[in-house]
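Some notes on the structure that comes next.
Just so it is clear, none of the values below were taken in a lab; they were calculated from the coordinates. Predicted, not measured: the structure shown is a model, and the values here were computed from it. Here Cβ is always computed from backbone atoms with ideal geometry, including for glycine, and neighbour counts include all displayed protein chains.
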Amino acid sequence: MNIFISFDAEADMGYIALTENRAGSAAATDDIGNTALAADFDRHQRMIGVEFPGKAAPEIARLGTLTGRKHKLEPAFLNGARVHRFRPTSQEAVKTLCVNGVQFYFADHDGQRFIGFDVFDRTEKSE
């Protein structure tokens, strides 16, 4: 599984696309729990991307050379389930939050310091 990371300094927005079909494919956008992040969903309610708006944008900007290109997620196992892992930092998770098959990791209790995620293995591809 590949992701694409982008950062737009003018718009003060970072984005991680979880599918190849990024442009205009979101049917809905919802906040991710009580965090600064928002998730884009396709018409089947599968998460297709993560938005890092405003205050959260620096979390993507700090990834530096990772932005503007594709990344292959590392295969791993989480509680016996196969996942695809993105961990750009070695910081330890203080808070976790699972939304629609994606486990998010944060370095603080407020969910503001994003440090990575695991995508549970998908049996269907997003359109």
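Using R₀ = 35 Å, calculate the FRET efficiency as 1/(1 + (r/R₀)^6) where r is the Cβ-Cβ separation of Ala61 and Asp121; round to 0.05.
Once rounded, the FRET efficiency stands at 0.75.
Quick one: 3J(HN,Hα) in Hz for segment 40-47, Karplus 6.51/-1.76/1.60 with θ = phi - 60°, rounded, Gly and Pro as x.
These are the phi-based 3J(HN,Hα) values: 9, 10, 7, 5, 9, 6, 8, 5 Hz.
Counting other beta carbons within 10 Å of each residue's own, what order do Arg62, Arg43 fall into, fewest first?
With the sparsest Cβ surroundings first, the list reads Arg43, Arg62.
Counting every Cα pair in segment 51-121, what percent are over 19 Å apart?
34 percent
Which label belongs to the value computed from this structure, given these candidates for percent of Cα pairs over 24 Å apart: (1) 20; (2) 35; (3) 52?
Read-out taken from this structure: (1).
To the nearest 20 debye, what charge dipole does the chain have about its Cα centre, counting +1 at the Cβ of each Lys and Arg and -1 at the Cβ of each Asp and Glu?
Magnitude of the dipole: close to 440 debye.
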